[in-house]
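Below is one structure, written out as structure tokens, with a few remarks after it.
The values are calculated or read from the model by the stated rules, or taken from the named source; none is laboratory data. Note that the structure is a prediction, hence the values are computed from the model and not measured. Counting neighbours? That spans all protein chains shown, and the Cβs are built from the backbone with ideal geometry, glycine included. Keep in mind that these areas ignore ligands, DNA and RNA; they rest on the heavy atoms of the full protein, side chains included. Shrake-Rupley method; radii C 1.70, N 1.55, O 1.52, S 1.80 Å.
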Amino acid sequence: MSQTTIPDHLTKRPLRVAIIGAGPAGVYAADLLTKSEPVASGALSLAIDLFDRYPAPYGLIRYGVAPDHPRIKGIVNALHKVLDRGDIRFFGNVDFGTDVDLQALREHYDALIFATGAIRDADLNIPGIGLEGSFGGADFVSWYDGHPDVPREWPLEATEIAVIGNGNVALDVARVLSKHPAELLVTEIPENVHAGLLASPVTDVHVFGRRGPAQVKFTPLELRELSHSHDVDIVLYPEDFEFDEASDAAIKTNNQTKTMVSTLTNWLIEQEEREDRAPASRRLHLHFLHNPVEVLGEDGKVSGIRFERQELDGTGQVRGTGELLDYPVQAVYRAIGYFGSPLPGLEFDANTGVVPNDGGRVLDGDGAHVPGLYTTGWIKRGPVGLIGHTKGDALETITHLLAELGQLPPAATEASIEDHLQARGVAYTTWEGWLKLDEHERALGADAAPVPTAAGPVQRERIKVVDRERMVELSRPLEARA
Ligand SMILES: Cc1cc2nc3c(=O)[nH]c(=O)nc-3n(C[C@H](O)[C@H](O)[C@H](O)COP(=O)(O)OP(=O)(O)OC[C@H]3O[C@@H](n4cnc5c(N)ncnc54)[C@H](O)[C@@H]3O)c2cc1C
Ligand SMILES: NC(=O)c1ccc[n+]([C@@H]2O[C@H](COP(=O)([O-])OP(=O)(O)OC[C@H]3O[C@@H](n4cnc5c(N)ncnc54)[C@H](OP(=O)(O)O)[C@@H]3O)[C@@H](O)[C@H]2O)c1
């Protein structure tokens, strides 16, 4: 870490830092700051406030990670411990841009770190994408994860569904759509989600990748997990197993690619062997070398999807063959990546969906550093990578921040941010409030009827509260209410 010179005023009072976004990137940035050398040695003291637009912390861990991924709990426990220490204040239900703006935050803090992630679907500009029955994967994820700002009802009327994309989100979406909902009941899914999935008549979910099996962006564990769903057959197509020179090289040199190609080819072999057993009631098809060209419609609704068959060009990229392939489906989900949203007062790169920055230092329209403004996580480098990767982002960002203490424009006011929020009528929630909501959700799980499973009855650990007003009501201490 570069040398930190502490300016005189910061020897007399704490460095005031606001972090906007309580997802993993924001929490890691706060944690790393508190553990940094100048703070640990006592040379610098800190006052960190962490803001989020939701009454609950953890960002996509709560509103992105699939409910049947409980192994993520270890990370949640670690983030919980950071926020439970008491040296980082949490302000939930505060939307940057609506409830608080750049000017107010700059007046109250010496440095701001934007860790607002990415919440919406990347666009897919093909004819028919706006038809009824064509959905963004991110919206569906938000629905099944009980996001407070999406409608409670989700139209699950299709028997055949297309999912576009070969990343882990496509796998999550396809798995949740195809899995029998009884298997999801042991998780924290809200009641309305379980009821919606239970009524779904789906029989076939088709996942389409535009490149080959050696070019998928899945990770091995997530791919293998597809085969764990009960009464769902995986279906593959031998003609899709095309490998060019670049694919062969990747299989030889990259363990991850090798594992995934071997998983897929084993499934292809097993599929021939399973012909003598009773077929499952649902199927999950994996297609490769299919580039989407049009969502087909009838009476304004999705009735199919058209692809152009691709072939590998030797470099791992693809070119069109001119052959068109149509599939009858009644719903299309695009899972082709997330996209960041602009932050009022900051520059935004509309091509990549990030806040322009230099190693986490926010840039203005002329490419110059804006003193005191920093960014980290997906809004800094784009919507790719696992939770753990946001730790490296945070380290780079706070290293710059600490090296630039002398250049930070000092906060202009001693007034409290609580007074500012209260004066604006913002019903902010606190860490203590989250602990109450957390306890309430756990109690809902404990009070629910045990779920029968093959291994015996299982008690639900938590049931999420979905409604934002109810979340706030459960979180706000009585004395904080107007
Ligand atoms: C569907 C899905 C499933 C995933 N599953 C896994 C998984 O199983 N394992 C894994 O390792 N990785 C997984 N990932 C990746 C992981 O979620 C990301 O790497 C990580 O969440 C990015 O962290 P972040 O803090 O940058 O963004 P986020 O987690 O999105 O956090 C950003 C936070 O900023 C807040 N915010 C945004 N705008 C504002 C505003 N204007 N005002 C106030 N607050 C704001 C948001 O409410 C949010 O809490 C998944 C990603 C997706 C999309
Ligand atoms: N369980 C987990 O650990 C988990 C779960 C979910 C997400 N995540 C992580 O979160 C990050 C984001 O995941 P993601 O799935 O949203 O993104 P991703 O990994 O970038 O995958 C996007 C997929 O969409 C395809 N695509 C992009 N544009 C397309 C187009 N116009 N037409 C057809 N296909 C198109 C890409 O194909 P090309 O490769 O050809 O561009 C790629 O297969 C990833 O790092 C992922 O690992 C992790």
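General remarks:
- Alpha-carbon centroid distance for the pair segment 68-115 / segment 183-247, whole angstrom: 33 Å
- The GluC sites (Glu not before Pro) found in segment 93-199 that occupy coil by DSSP, while having at most 15 further C-beta atoms within 10 Å, are GLU153, GLU157.
- Shape index of the chain: Rg/Rh, with Rg the Cα radius of gyration and Rh the Kirkwood radius from the inverse mean 1/r over Cα pairs, equals 1.00.
- Fraction of beta bridges assigned by DSSP in the chain that are antiparallel (%, nearest 5): 35 percent
- Computed from point charges on the beta carbon alone (+1 for Lys and Arg, -1 for Asp and Glu), the dipole magnitude for the chain about its Cα centre is near 1160 Debye.
- When the trypsin sites (Lys or Arg not before Pro) in segment 251-280 are filtered for DSSP coil states and for at most 10 other beta-carbon atoms within 10 Å of their beta-carbon, the remaining sites are ARG277.
- Angstrom value of the Kirkwood radius, inverse mean 1/r, which spans all Cα pairs in segment 120-338: 17.9 Å
- Surface exposure of the chain, expressed per residue as accessible area with a 1.4 Å probe, stands at 44 Å².
- Taking the protein heavy atoms of segment 1-103 in the context of the full set of protein chains, the accessible area attributed to carbon and sulfur is 54 percent at 1.4 Å.
- Separation of alpha-carbon centers, segment 3-50 and segment 342-420, rounded to whole Å: 14 Å
- Computed from backbone phi, the HN-Hα couplings of segment 65-77 come to 4, 5, x, 8, 10, x, 5, 6, 4, x, 5, 4, 4 Hz, rounded to whole numbers (Karplus: 6.51 cos²θ - 1.76 cosθ + 1.60, θ = phi - 60°; Gly and Pro given as x).
- Angle of helix 389-403 to the longest C-alpha principal axis of the chain, folded into 0 to 90 degrees and rounded to 10: 20°.
- Residue (of ILE119, LEU343, PRO57) at the positive-pole extreme of the chain, dipole from beta-carbon charges: PRO57
- Computed over segment 379-461, Cα set: Rg, Dmax in Å: 21.8, 62
- Bridge type composition, segment 120-338 - antiparallel percent by DSSP, nearest 5: 40 percent
- Computed over protein heavy atoms with a 1.4 angstrom probe, the accessible surface ordering of VAL169, VAL384, largest first, is VAL384, VAL169.
- Share of carbon and sulfur in the accessible heavy-atom surface of segment 120-338 [1.4 Å probe, %]: 49 percent
- Per-residue ellipticity at 222 nm, computed for the chain from helices alone with -39500 (n - 2.57) per DSSP H run of at least four residues, works out to -9000 deg cm²/dmol.
- HN-Hα J in Hz across segment 87-101 - Karplus 6.51, -1.76, 1.60, θ = phi - 60°, x for Gly and Pro: 9, 10, 8, 9, 10, x, 6, 10, 8, 5, x, 10, 8, 8, 10
- Computed from backbone phi, the HN-Hα couplings of segment 358-374 come to 10, x, x, 8, 5, 9, 8, x, 9, x, 8, 5, 9, x, x, 10, 9 Hz, rounded to whole numbers (Karplus: 6.51 cos²θ - 1.76 cosθ + 1.60, θ = phi - 60°; Gly and Pro given as x).
- Separation of the alpha carbons by more than 24 angstrom is noted, of LYS217/LYS252; LYS73/LYS464; LYS35/LYS380; LYS252/LYS380; LYS81/LYS464; LYS391/LYS436, for LYS252/LYS380; LYS391/LYS436.
- Under a 5 Å amide H cut-off, with hydrogens placed 1.01 Å from N, VAL329 pairs with GLY304, ILE305 among residues at least 5 apart or on other chains.
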